[in-house]
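Before any comments, here is the structure.
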Amino acid sequence: MGEIFLEVKGLNKSFGGLRATSAVSFLAHREEIMGIIGPNGAGKTTLFNLLTGFLKADSGVILYKGQAIGGLRPHKIARFGVSRSFQVARLFPNMSVEQALFVPQYSTRKGKNKKSVEDIKAYCEHLLVDIGLQKKKDHLVKSLTQGELKLLDIARSLASEPDLLLLDEPFSGLGHRDIQPLTALILRLRDRGLTLLVIEHKLRELMSFVDRVIVINFGQVIADGSPQEIGKNKTVIDSYLGEEEIEIGIA
Amino acid sequence: MLRNIPKIGLVFFGAFALLPFFVDSPYILGVITMASLYAVWAMSWDIFSGYTGEINFGYAFFIGTAAFVGAIFGTRLGLTPWLSIAIGALTAMLLAFILGILTLRLRGPYFTIITMAINIAFSELALVLWKWTGGEEGIAGIEPLTDGPASDYYVTLIFSFVVFVVLVILSRSKHGKILIAIRENEDAAEASGINTIIYRVLMFGLSAFIAGIGGGLHIHIQMHASHDLLSLSLSTMILIMAIFGGMGTIIGPMFGAYCLSILSELLRNLAEYRMLIYTGILVLTIFYAPNGIFLRIKTLFSEILSKIKG
């Protein structure tokens, strides 16, 4: 395993009487793809919101490359190299697809040199090729389909050149034909040195490429291990997977 | 950089620059002088509200504050017009920074309501502090800016042109794109590494500074700081001019301000119905030209041209 990239210790967050995350702790290593699974309302997206500064934890520690980032505002965390996509794509509807990718490039990332306009254009063009939207680069974002918006949101999160990428249900809204190339892209990103956390409900697809999985239920981490270990974990089977999922082949 | 300036805007200002060679009526020059100030206010309102999507419903607060601060410094301390204009505008900018830091974290209608409330509160405060502000009478005896209507005309026209060029360049730069991104989706902009609050506070300050210079020019041209410069109806009028012209375009609010200011003078006999007429125009704009009259006319011209070409 590579060096520890992200260390989460005892993360708690409540909304009134509801505990959204309860003492969540885990480690993510460099160049690792970690899946985060669990039933709806388990606290997965809340966890992403805490990691990226969209929510403030009540208590707990988030260390990114050894530096505490908990409680910082989202743009500061993004400038450290932590980027995310959203469960429902959040983009800039009246911009062109290409311009939407320029925005993250305009922010000043710590330790990165400023690019010229030509370099920014070339970088974004390359991203559009990666994500398969190069033919739509001059289209308005609001004219894209749900699946295309999802892909563009991922491209937008990549355009800030992160080292740690958090993808929230990247396959939702995508057809089978789009999932395969996206999976291939995720693997390529890992090979380029990125660490990825991926929330996903399409378990068969997720389990095919992740290195490790954590399972969250009622805001708590109930299991942490390889896809094979998770597939055999009695608690996970009882509380989330069910026998059917085992049969479809994640174990 | 200047290649980015819309040609129609250059033609517009060029035509106004030539006007005094053909028209020497002080009344007409006075109308266009005031229209230039309204254009400045509509454009500077637009660079904040049109681009970030946060509607400032109390813009006259900045205009009036700068005007009265400038008037007090000018009349009581005997400062030169340009110095008192600068002090007034810097005061407006400072207040915008303080107000922005305190309120621009709020989302939705709260910011709009607060700007409106502050406008009303300061308008009332100016009446309470009548010993300083002259109450409803305002402050008279302010030193003129230039030696006559023609010079005032050119000062305001040049200022309006400079504001137009600067704001168009700013809006088309990467900073303009970032402002649009903030308006379109603040979460996505933050997640992209953009400090959305700093951008909004800076634009709020810039918008207030330009408004303040306009307020200062106004009192030196009128030689009187009127309490109306702090009124909510002035805020509303500027907002209507910007929406009528086309928010988020700079050229639209400039165009809208010149059109409605001149229309306002043409309908002078119906002065008491002015806000009613403006409101009617606003409703019609929202229904028939939601992106503003400027874009509507531009589109119409393009369609006519393409039909002629065949």
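Each value in this text was obtained by applying a stated rule to the coordinates, not by laboratory testing. Keep in mind that what you see is a predicted model, and the values were worked out from it rather than measured. Using ideal geometry, Cβ is built from the backbone for each residue, glycine included, and neighbour counts are taken over all protein chains shown.
Residue by residue through the stretch A:99-105, which ³J(HN,Hα) values in whole Hz follow from phi under the Karplus form 6.51 cos²θ - 1.76 cosθ + 1.60 (θ = phi - 60°), with glycine and proline marked x?
With the stated coefficients, the stretch A:99-105 comes to 4, 4, 7, 5, 3, x, 5 Hz.
Suppose the chain between residue B:125 and residue B:172 were pulled fully straight at 0.36 nm per residue; how much longer would it get relative to their current alpha carbon spacing? Write down the numbers at each step before the final one.
Working: separation 47, 0.36 × 47 = 16.92 nm, distance 3.88 nm.
Net length gain for the segment: 13.0 nm.
Step through the residues of the stretch A:122-132 one at a time and calculate ³J(HN,Hα) from phi using the Karplus curve (6.51 cos²θ - 1.76 cosθ + 1.60, θ = phi - 60°), rounding each to whole Hz and writing x for Gly and Pro.
5, 4, 5, 4, 4, 4, 5, 5, 4, 8, x
Could you put B:11, B:69, B:40 in order, starting from the residue whose Cβ has the fewest other Cβ atoms within 10 Å? Kindly include the intermediate steps, with their values, before the conclusion.
Details: B:11 10, B:69 24, B:40 30.
Going from least to most buried by this count: B:11, B:69, B:40.
So how much slack lies between residue A:139 and residue A:183, counting 0.36 nm per residue of separation and subtracting their Cα-Cα distance, in nm?
13.4 nm
Taking θ = phi - 60°, what integer Hz values does the Karplus form 6.51 cos²θ - 1.76 cosθ + 1.60 yield along the stretch B:222-238, in sequence order, with x for Gly and Pro?
Values, residue by residue: 7, 6, 7, 9, 7, 5, 4, 5, 9, 7, 5, 5, 5, 4, 5, 4, 5 Hz.
Hey, can you grab everything whose amide H is under 5 Å from the amide H of residue A:84? Only 5+ residues off in sequence or another chain; H modelled, so Pro and N-termini drop out.
A:166
Just report the Cα centroid separation between the stretch B:225-252 and the stretch B:67-138, whole Å.
Cα centres, the stretch B:225-252 to the stretch B:67-138: 16 Å.
If R₀ is 35 angstrom, what is the calculated FRET efficiency for the pair residue B:284 and residue A:108, using the beta carbon separation as r and rounding to 0.05? It would help to have the intermediate numbers written out before the result.
Working: r = 45 Å, r/R0 = 1.27.
Calculated value: 0.20.
Provide the FRET efficiency to the nearest 0.05 for the residue A:218-residue A:87 pair, computing r from the beta carbons and using R0 = 22 Å. Show your work: numbers first, answer last.
Numbers: r = 19 Å, r/R0 = 0.87.
It comes to 0.70.
Once you put a point 7 Å from the Cα of residue A:115 and another 7 Å from the Cα of residue A:23, both along the Cβ direction, what distance in nm separates them?
4.5
Residues with beta-carbon under 9 Å from that of residue A:171, excluding residue A:171: net charge, scoring Lys, Arg +1 and Asp, Glu -1?
-2
Less than 18 Å apart at the alpha-carbon level, and either on another chain or at least 8 residues along: which lysines does that give for residue B:7?
B:298
Within the protein assembly as shown, what percent of beta bridges assigned by DSSP are antiparallel, to the nearest 5?
Details: 23 of 39 bridges.
Around 60 percent of the beta bridges assigned by DSSP in the protein assembly as shown are antiparallel ones.
In the stretch A:92-251, what % of DSSP beta bridges are antiparallel (nearest 5)?
Numbers: 6 of 11 bridges.
Of the beta bridges lying entirely in the stretch A:92-251, close to 55 percent run antiparallel.
Specify whether the C-alpha gyration tensor of the stretch B:2-309 places it in the rounded, prolate or oblate class, a ≥ b ≥ c being the square roots of the eigenvalues: rounded for a/c under 1.5, otherwise prolate if a/b is larger than b/c and oblate if not. Walk me through the numbers before you get to the answer.
Values: a/c = 1.57, a/b = 1.11, b/c = 1.41.
Judged from the Cα gyration tensor, the stretch B:2-309 comes out oblate (a/c at least 1.5, b/c at or above a/b).
Roughly how many Å is it from the Cα centre of the stretch A:113-164 to that of the stretch A:20-45, as a whole number?
26
Sum up the charges of everything whose Cβ sits under 12 Å from the Cβ of residue B:198, counting Lys and Arg as +1 and Asp and Glu as -1, but leave residue B:198 out.
Values: positive: A:73, A:76, B:105, B:200; negative: B:190.
Neighbourhood net charge equals +3.
Checking the a/c ratio against 1.5 first, then a/b against b/c, what shape does the Cα gyration tensor give for the stretch B:37-178? Show your work: numbers first, answer last.
Working: a/c = 2.32, a/b = 1.21, b/c = 1.93.
Oblate, since a/c reaches 1.5 and b/c is not below a/b.
Considering every residue in B:226-236, what mean count of other chain Cβ atoms within 10 Å of its Cβ is obtained? Could you put the intermediate results ahead of the total?
On the way: counts 0, 0, 0, 0, 0, 0, 0, 0, 0, 0, 0.
Going residue by residue through B:226-236 and averaging, the value is 0.
Taking Rh as the Kirkwood radius, which is the inverse of the mean 1/r over Cα pairs, what is the Rg/Rh value for the protein assembly as shown? The partial results should precede the final answer.
Numbers: Rg = 28.5 Å, Rh = 26.4 Å.
Using only Cα positions, Rg/Rh for the protein assembly as shown is 1.08.
Skipping prolines and chain starts, which residues have an amide H placed within reach, meaning under 5 Å, of the one on residue A:220, given they are 5 or more residues away or on another chain?
Close amide H contacts, sequence-distant or interchain: A:22.
List the trypsin sites (Lys or Arg not before Pro) within the stretch A:154-251 that DSSP assigns to loop and that have no more than 16 neighbouring Cβ atoms inside 10 Å. Present the calculation step by step, with values, prior to reporting the outcome.
Details: sites: A:156, A:177, A:188, A:190, A:192, A:202, A:204, A:212, A:232, A:234; in loops: A:192, A:202.
Hits after loop and neighbour filter: A:192, A:202.
Find the all-direction average of the projected area of the Cα convex hull for the stretch A:90-161, expressing the result in square nanometres with one decimal place. If you can, show how the numbers build up before the last one.
On the way: hull surface 17.7 nm².
Computed as one quarter of the Cα hull surface, the answer is 4.4 nm².
Arrange the following residues from fewest to most other Cβ atoms within 10 Å of their Cβ: A:191, B:228, B:152.
On the way: A:191 9, B:228 15, B:152 23.
So the residues, fewest neighbours to most, are A:191, B:228, B:152.
Could you work out [θ]222 nm for chain A from helices alone, using -39500 (n - 2.57) per DSSP H run of at least four and dividing by all its residues? Round to the nearest 500 deg cm²/dmol.
Details: 9 runs with 84 residues, N = 251.
Dividing the helical sum by the residues of chain A leaves -9500 deg cm²/dmol.
Name the long-range amide H neighbours of residue A:35: under 5 Å, sequence gap of 5 or more, or other chain; modelled H, no Pro or chain starts.
Distant-sequence amide H within range of residue A:35: A:198, A:211, A:212, A:213, A:214.
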